[in-house]
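Structure first, then comments.
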């Protein structure tokens with residue numbers, strides 16, 4: 001089952017870099033939405049995640065189910081992308 005991964009970031013977020021590096025090591029493709037460049041996306045992701053902090057990682061499967069990981073949490077991220 002294919003999964004689509006989107007990372008919501010900010011320019012100065014060190015944990016966001018950790019998430020990208022982790023996904024690169026796992027050979028996962030992902031989209032990045034920088035909330036500094038696209039502030040209009042903030043309310044949408046806050047509604048889905050309940051969080052105003054980054055990184056927010058949204059993993060969507062083919063059936064439309066979504067798993068949201070907030071912050072640098074390698075164990076939860078590994079489970080979401082498995």
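The values are calculated or read from the model by the stated rules, or taken from the named source; none is laboratory data. Just so we're clear, the structure is a prediction, and the values are computed from it rather than from any experiment. Here the Cβ is made from the backbone with ideal geometry for all residues, glycine too, and neighbour counts use every protein chain on show.
Of the residues making up the stretch 1-34, those that are without any contact (Cβ under 8 Å) to a residue 40 or more places away in the chain, out of contact with any strand residue (DSSP E or B) (no Cβ under 6 Å at 6 or more places or on another chain) and at negative phi are 11, 12, 14, 17, 20, 21, 24, 25, 29. Residue check: residue 38 meets all listed conditions (1) surrounded by 11 or more Cβ atoms within 10 Å (Cβ to Cβ); (2) in contact with a strand residue (DSSP E or B) (Cβ under 7 Å, 6 or more places away or on another chain); (3) modelled with pLDDT of 95 or more but one, namely (2). Note on the stretch 17-40: residues that are within 20 Å of residue 3 (Cβ to Cβ) and in a helix (DSSP H, G or I) amount to 8.
The number of residues in the stretch 41-66 that are modelled with pLDDT of 95 or more and part of a strand (DSSP E or B) comes to 5.
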